[in-house]
Every structure is written in C-alpha cells, then in structure tokens.
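Here's the structure we're looking at; comments come further down.
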Amino acid sequence: MQDESAAPPPTYREPAVAWAVEYADEREPGSRFQAGAFTTEAEAQKLLGQLAASGEYGDLWINIIPVHETVEDWEWDR
C-alpha cells in the first residue's frame, strides 16, 4: 500500500469506472452473473430497476469496477 501523501508516478493514469449490474442464479449456487455494465451509475440503476421489476431475478446488485490501463497503475492504487 502506498503512502497516502505520496504523489502518483508521472506515468500513472486514473482508472475508468464501470458500473456492473450483477445477479445470483439460485440454479447455480455460488455463481455470479453480469447482466450489463455501464459508464454511469444512473444507467446501471435504470437496468437494476428494470430487472427487479421483471421479477425474474433474485439477488441483484451493482458492482463498481475500476478499470486500469496497466498493471503498474493498478499496483500504485493498492
């Protein structure tokens, strides 16, 4: 874990963020599936609402995923 007061290296790029709508399927215990992923939380919430209203899905949630360009960027964020 890096020192929080340290500046990132000059090559560091902030990760993009993906908002993934995920669900569990009781027919496959322990498995997680992705219904869709979006670049904004608002769109992910919209899909989450549609899927919840359909009644065809059990547990639904949004997983926020940072998307790094390089392993070095990811390592700096640890």
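Every number here is computed from the coordinates shown, using simple stated rules; none is lab data. These numbers come from a predicted model, not from an experiment. In this analysis, Cβ positions are derived from the backbone assuming ideal geometry, glycine residues included, and neighbour counts consider all displayed protein chains.
Among the residues of segment 30-76, those that are hydroxyl-bearing (S, T, Y) and touching a residue at least 24 places away in the same chain (Cβ under 8 Å) comprise Y57, T70. Screening segment 35-65 for residues that are of a type outside the set (A, V, I, L, M) and closer than 22 Å to D77 by Cβ and picking the one that is nearest to the chain's Cα centre (by Cα) gives N63.
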